[in-house]
Amino acid sequence: MREYSIAAIPADGIGPEVIDAGITVLEVLAEQRGDLKLEFSHFDWGSDYYKRNGVMMPADGLERLRKFDAIYFGAVGAVDVPDHVTLWGLRLQICQGFDQYANVRPTKILPGIASPLRDVRAGDLDWVIVRENSEGEYSGAGGRVHRGLPEEVGMDVSVFTRVGVERIIRYAFRLAQSRPRKLLTVVTKSNAQRHGMVMWDEIAEKISHEFPDVTWDKMLVDAMTVRMVLKPQSLDTIVATNLHADVLSDLAGALTGSLGVAPTANIDPERRFPSMFEPIHGSAFDITGKGIANPIATFWTAVQMLSHLGEHEAADQLMRAIERAGEAGILTPDLGGKATTRQVTEAVSDAIRG
Ligand code: GGG
């Protein structure tokens, strides 16, 4: 029996609903297999915690998380707490505190789910977006001076370091190399942003020589949005900055049916710290409590978590169960269906049981 301890941080909005669903299917999976024990510890951090304590997580939060094998995360964002407070106070603190510099976002059209793109169906669109997750536009550098005055200045400084860019581009080349098509697209905006983004291009060129079997190209982020829509089959692995990849992966989510199916893994490739697994979507407070949140992204990120833990068979089993629920047409309203979170959870659990 292999045992893993997992920190569950459901946080805000629909986060608790989808994490609850995720833990249910993981427990069904562990029970059905019999070779796996998953021990969940729950943390009530997030916006409600902030309203009670003035912080999104306690000062020793990272220290408390460090001992876990993985973190299973819901979403941040609340109606009555500013977004930059919720994001920086919890999700980014964990990503940056644990140097989870590779944010990996598999994107494909699952069976039974329709893409809004004409003539594009399951198999035609199969990408992995790699988001730089530690610096760039999310460096946190900058400031505001002369607050409230006409001459007020607000600055967000994008910081790109050679170490940071080299490691993410190398990670992306390695990932592209491990996939059948061995294709990588490096996205920047190096025509307009002539310092850090030009350094990205130069570093990509240098690192490409370590991977002679990977075919790669460069795209400007604006042109990339067009290519994703018009020529989705021409793409495979994609690497971009923190902000660019954030925007591109929302588009990718929509192209694969809904953001509700899009998973993400915040990985520390060197395994010094626990990695964190979550749906891409936020707290979606417009549907919170209605029981209709799509749990598929949270299930799919559990597949990523199992793979990261080395449980590849269990990961494949869960992925097949997710696909079978889609094939059976058990879909939540964001995908045009009528199923509830609970019905999708039951369908995936039944598929696991076979
Ligand atoms: N589960 C992902 C999540 O909660 N995202 C909230 C959010 O505001 N993210 C912004 C970002 O990642 O840039």
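What's the center-to-center distance, using Cα atoms, between the range 79-143 and the range 240-300 in Å?
After rounding, the separation between the Cα centres reads 6 Å.
So which lysines can Lys67 reach, going by Cα to Cα under 22 Å and dropping same-chain residues fewer than 8 places off?
Here the lysines satisfying the reach criterion relative to Lys67 are Lys37.
Grab the Cα-Cα distance for Arg271 and Lys338, subtract it from 0.36 nm times how many residues apart they are, and report the gain in nm with one decimal.
Contour length minus Cα-Cα distance gives 20.1 nm.
Return the aspartates and glutamates within reach of Lys182: Cα separation strictly under 13 angstrom, same-chain partners fewer than 8 residues apart disregarded; answer none if there are no such residues.
By straight Cα distance, Lys182 reaches Asp126, Asp213, Asp217, Asp236.
Taking the Cα-to-Cβ direction at Arg147 and at Asp119 and moving 7 Å from each Cα, how far apart do the two end points lie in nm?
Inter-label distance under the simple model: 5.6 nm.
When ranked by the protection proxy of mean other Cβ atoms within 10 Å per residue, highest first, what sequence do the peptides 6-19, 116-129, 228-241, 149-162 form?
6-19, 228-241, 116-129, 149-162
Using the basic label-point model (7 angstrom from Cα toward the beta carbon), what is the Glu210 to Arg194 distance in nanometres?
Those two pseudo-labels are separated by 3.0 nm.
Can you give the relative contact order of the chain as a percent, counting alpha carbon pairs under 8 Å and 6+ residues apart?
Reported as a whole number, the value is 23 percent.
Kirkwood hydrodynamic radius (Cα pairs, Å) of the range 126-255?
15.5
Subtracting the Cα-Cα distance from 0.36 nm times the residue separation, let me have the gained length for Arg33 to Ala328 in nm, one decimal.
Net length gain for the segment: 103.9 nm.
If the cut-off is 24 Å between C-alpha atoms, which lysines fall inside it for Lys189, apart from same-chain ones fewer than 8 positions away?
Excluding near neighbours in sequence, the set is Lys206, Lys218, Lys231.
Does the range 221-265 classify as rounded, prolate or oblate by the C-alpha gyration tensor (a ≥ b ≥ c root eigenvalues; a/c under 1.5 gives rounded; else a/b over b/c gives prolate, otherwise oblate)?
Oblate, because a/c is 1.5 or more while a/b does not exceed b/c.
Taken together, the values in this text are just the output of simple stated rules run on the coordinates, not laboratory data. Owing to the predicted nature of the structure, the values given are computational and were not obtained by experimental measurement. Note that we place each Cβ from the backbone using ideal geometry, even for glycine, and neighbour counts take in every protein chain shown.
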